[in-house]
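Reading through the structure tokens given below for one structure.
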Amino acid sequence: MRKRTILHKKTLTGIYRTLYRAFGPQHWWPGENPFEVAVGAILTQNTNWTNVEKAISNLKNKKALSANAMHKMQHRRLASLIKPAGYFNIKAKRLKEFLNFFIEQYSGSIKKMKAEDALFLREKLLGVHGIGPETADSILLYALEKPVFVIDTYTKRIMQRHKIVSDNTTYNEMQEMFHENLPKKTKLYNEYHALFVRLGKDYCKPEPQCRDCPLAEVSV
């Protein structure tokens, strides 16, 4: 087990350094404030960021991108504004559930929410209808600056293709691998996940483009 831990630490560190040299800092997650980032984390479920940007732009144009404004807004109206993000009725409901939680538990204050212990807050977020592990962890990492590694489709695909994890490795098992083998630093987790997103979009696609991939020559 000790040898395996050392191997994972060396591998994960090597992957990060290689990707950072290849791509540089990613400045991710895009958003003008933590609340916008949290909304984006919910809207990005099952769609791409371009569509999320359109939905967020609609909210901004109507001066509705705030907890109180969205909380008071009728479901139909909210759904129409976020329509570009897809599954707009479902996502409007999920946003409402999150807003109910955010206002009831924290009076709509990011500062109060951020003061919570990360693990305790994660459990509370997972109790909100429509928020799963990836969305909860995206809110924790990118909106609240908690050192929690996000496991998304890109991360799974890259880790599986490089045989670092098996196809049946769970979300929690994969996340724990990063937590155990990397320093628990928000900035590092932020940048690492963003680099995986970049690699997944440019090279490690469903149909992989391995020839010029930065990880092609990395021994893992």
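A short reminder: the numbers here are calculations on the coordinates, not readings from a lab. These numbers were taken from a predicted model, which means no experiment stands behind them. Note that we place each Cβ from the backbone using ideal geometry, even for glycine, and neighbour counts take in every protein chain shown.
Here are a few things to note about the model shown:
- Criterion violated by residue 114 - all others in (1) over 25 Å from residue 201 (Cα atoms); (2) surrounded by fewer than 17 Cβ atoms within 10 Å (Cβ to Cβ); (3) free of Cβ contacts under 8 Å to residues at least 60 places away in the same chain satisfied: (3)
- Residue count, segment 59-95 (criterion: under 24 Å from residue 121 (Cα atoms) and crowded, with 18+ Cβ neighbours inside 10 Å): 7
- Qualifying position, being among the basic types (Lys, Arg) and closer than 20 Å to residue 33 by Cα, among 124, 111, 93: 111
- Elements of the type helices (runs of 4 or more DSSP H) sitting completely within segment 134-203 and holding at least 1 residues that are without any contact (Cβ under 8 Å) to a residue 60 or more places away in the chain and closer than 30 Å to residue 109 by Cα: these cover 171-181, 186-202.
- Only one entry of 59, 78, 95, 99 meets the criterion of being of a type outside the set (Gly, Ala, Ser), in a helix (DSSP H, G or I) and touching a residue at least 40 places away in the same chain (Cβ under 8 Å), and that entry is 95.
- Among the residues of segment 208-218, those that are surrounded by fewer than 16 Cβ atoms within 10 Å (Cβ to Cβ) and in contact (Cβ under 8 Å) with a residue 24 or more places away in the chain comprise 208, 218.
Conditions (1) surrounded by 14 or more Cβ atoms within 10 Å (Cβ to Cβ); (2) not aliphatic (A, V, I, L, M), marked per residue:
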site	(1), (2)
147	yes, yes
158	yes, no
164	yes, no
167	no, yes
180	no, yes
187	no, yes
198	yes, yes
203	yes, yes
206	no, yes
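- Residues of segment 15-46 that turn out to be touching a residue at least 12 places away in the same chain (Cβ under 8 Å) and either more than 16 Å from the chain's Cα centre (by Cα) or assigned to a helix (DSSP H, G or I) (or both), as a count: 19
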